[in-house]
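> This is the structure I have questions about; it appears just below.
The values are calculated or read from the model by the stated rules, or taken from the named source; none is laboratory data. Just so we're clear, the structure is a prediction, and the values are computed from it rather than from any experiment. As a convention, Cβ positions derive from the backbone with ideal geometry for all residues, glycine included, and neighbour counts pool all protein chains shown.
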Amino acid sequence: MKPEIIVVGEALVEVMRKGRDCPLYEPGEFLGPYPSGASGIFASAAARLGGSVGFITTIGNDDFGRCIQDRMERDGIDLTYLKVVPDRMTGVAFVAYFSDGSRKFIYNVREGAPAAMDPNQVQPEYFTDVRWLHVMGFALTISKGCRQACYKAVDLVKKRGGKISLDPNLRPEVLTIEEVRRLCRPVLEASEIVFPSGSEATMLAGVEDPEEAVRVLLQQGPKIVALKQGEKGSIVFTAEQRIVVPPFQVVEVDPTGAGDCYDAAFVVGILEGWDLERTARFANAVGALATTRQGPMEGTFSRGEVMAFMAKQATPAG
């Protein structure tokens, strides 16, 4: 059996400041490395929630790469088309958190192993049983090879009748918004679902109001837009529906990866045949739990753990 959910994109490690309001330009303490990368976080979360997941990615032949590979294997992710490149370092992101909720990143990705992704890693026979492909916008910006691999996977999945989702995952530190819009468009037009935050929706659509941006995006291909609002929960839009789904209350430790975990939970719920409200509530719970542990993947939980958490908070705070 081949995977039913396939992710094509970046894997990297994250090294973060210990505590808040410690800028990256000052000497100080760091925590990590933690396995990370938006595509990798999605793969980890989807697998831990019970999905059959394959991850097509590239790492270096170094200890950071081993950190990622060991974690993926523990999560039960199929790594048949993981490529290890000997002449490039595994991707790294350094991050600092600030009291106003902002973050500052420094990436070594476009010079590292993620940029060595090759469209030949995307083999048609691997997509025999595919039901869903997830693409992160950041993966489209890393290199031509990584972008071509994502586009090739989109074409294969469309031909096999599978569904596609896109998280814009916009990183202005890497490319301009205009460039990112151009690179995302082929995936956006082929997608069943797009998962933006409010600011990503407006940047991707080119309009200032988030809900007007959603209407623009729905006209460009997707049937569903799940608008992520962090501590406010999420709103799910279709051409006919607007479903407001309230948040779950948790004590935030590390917000990185929460949106990626939300995406994974939403896809798992859709593949289970759940309605949109139930799916989004499940995704809200998974996204909330993702913030409760230090490290981008450390907040991924099993389905049983998520269900127990939801039962304990039977009435989410609105």
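> Check Ala288, Ala264 and return the single one that is touching a His at 6+ places or on another chain (Cβ under 9 Å), under 29 Å from Gly32 (Cα atoms) and not in a loop (DSSP other than H, G, I, E, B).
Ala264
> Right, next: From the list Val306, Val251, Val245, which residue is in contact (Cβ under 8 Å) with a residue 12 or more places away in the chain and loosely packed, with under 15 Cβ neighbours inside 10 Å?
Val251
> Separate question: Only residues that are assigned to a strand (DSSP E or B) and in contact with a strand residue (DSSP E or B) (Cβ under 6 Å, 6 or more places away or on another chain): list them for the range 226-261, please.
Within the range 226-261, Ala226, Leu227, Lys228, Ser234, Ile235, Val236, Phe237, Ile243, Val244, Val245 meet the criteria.
> Additional query: Lys158 passes all but one of (1) buried (at least 19 other Cβ atoms within 10 Å of the Cβ); (2) not in a loop (DSSP other than H, G, I, E, B); which number fails?
With respect to (1) buried (at least 19 other Cβ atoms within 10 Å of the Cβ); (2) not in a loop (DSSP other than H, G, I, E, B), Lys158 is out only on (1).
> Wholly within the range 51-131, which strands (runs of 3 or more DSSP E) include no fewer than the required count, namely at least 1 residues that are touching a residue at least 12 places away in the same chain (Cβ under 8 Å) and more than 29 Å from Asp21 (Cβ to Cβ)?
53-56, 58-60, 83-85
> If you scan the range 167-205, which residues turn out to be part of a loop (DSSP other than H, G, I, E, B) and touching a helix residue (DSSP H, G or I) at 6+ places or on another chain (Cβ under 7 Å)?
Within the range 167-205, Pro168, Asn169, Leu170, Arg171, Val174, Leu175, Phe195, Pro196 qualify.
> Just give me the residues in the range 4-35 being more than 20 Å from Asp167 (Cα to Cα), in contact (Cβ under 8 Å) with a residue 12 or more places away in the chain and in a loop (DSSP other than H, G, I, E, B), in sequence order.
Result: Asp21, Cys22, Pro23, Leu24, Glu29.
> In addition: In this structure, does Cys150 turn out to be in a helix (DSSP H, G or I), in contact with a helix residue (DSSP H, G or I) (Cβ under 6 Å, 6 or more places away or on another chain), touching a residue at least 60 places away in the same chain (Cβ under 8 Å) and buried (at least 20 other Cβ atoms within 10 Å of the Cβ)?
yes
> Tell me, please, whether a residue that is modelled with pLDDT of 95 or more, among the aliphatic types (A, V, I, L, M), buried (at least 19 other Cβ atoms within 10 Å of the Cβ) and over 17 Å from the mean Cα position of the chain (by Cα) can be found in the range 128-146.
Checking the range 128-146: at least one residue is modelled with pLDDT of 95 or more, among the aliphatic types (A, V, I, L, M), buried (at least 19 other Cβ atoms within 10 Å of the Cβ) and over 17 Å from the mean Cα position of the chain (by Cα).
> What's the number of the only condition in (1) in contact (Cβ under 8 Å) with a residue 60 or more places away in the chain; (2) buried (at least 18 other Cβ atoms within 10 Å of the Cβ); (3) more than 17 Å from the chain's Cα centre (by Cα) that Phe237 fails to meet?
Among (1) in contact (Cβ under 8 Å) with a residue 60 or more places away in the chain; (2) buried (at least 18 other Cβ atoms within 10 Å of the Cβ); (3) more than 17 Å from the chain's Cα centre (by Cα), Phe237 violates only (1).
> Moving to a separate point now. Can you pull out the residues in the range 11-51 that are more than 13 Å from Phe105 (Cβ to Cβ) and charged (D, E, K, R)?
Lys18, Arg20, Asp21, Glu26, Glu29, Arg48
> Given the conditions (1) within 16 Å of the chain's Cα centre (by Cα); (2) on the phi > 0 side of the Ramachandran plot; (3) among the small types (Gly, Ala, Ser), and given that Gly161 satisfies all but one, which numbered condition is not satisfied?
Gly161 satisfies every listed condition except (1).
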